[in-house]
């Protein structure tokens, strides 16, 4: 982790937010997955991830870094309540529109580190490609917070792309053509060490 300061962490968050704001005008699967072929991949990717989750039926679920709600819709079908968050307001608005027919979802615009939740209130905390957009210090802070938010016996599910881009071929990647990609790909061993 080294000598990373609070100012450096905040500056890094601003870089990540600026990167994602670049995709906020087109809040769709391609923007969420940073891949032009996302519509071909999305259903398989989502089902693969959901198959690894514990039974969350009747639980209070936190879908953090939820973007446009790729997983929010599925959680809302079985969870008692879903809190869905993202630090890009346009993504949360698209999520709200997409899931307006559900009455058990609340929406928050917040980054993962600044988010406030009640201790011991959640049965499942879910993130998908979140920690790649956090500094090492912010990863630790988020994980400390998340563990406090979980109920006894609750579940924390973190899905990351480790060591390389998940966008596939460069020709299918959205970010290579638009912006410098600030994503921090870490080997799983780095997360374990943190």
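Where a number appears in this text, it was derived from the coordinates with a stated rule and is not lab data. Keep in mind it's a predicted model, so treat the numbers as computed, not measured. All Cβ positions, even for glycine, are placed from backbone atoms using ideal geometry, and neighbour counts span all protein chains on display.
Measuring r between the beta carbons of residue 57 and residue 93 and using R0 = 30 Å, the FRET efficiency lands at 0.60.
Relative to the current alpha-carbon distance between residue 78 and residue 116, full extension at 0.36 nm per residue lengthens the span by 11.3 nm.
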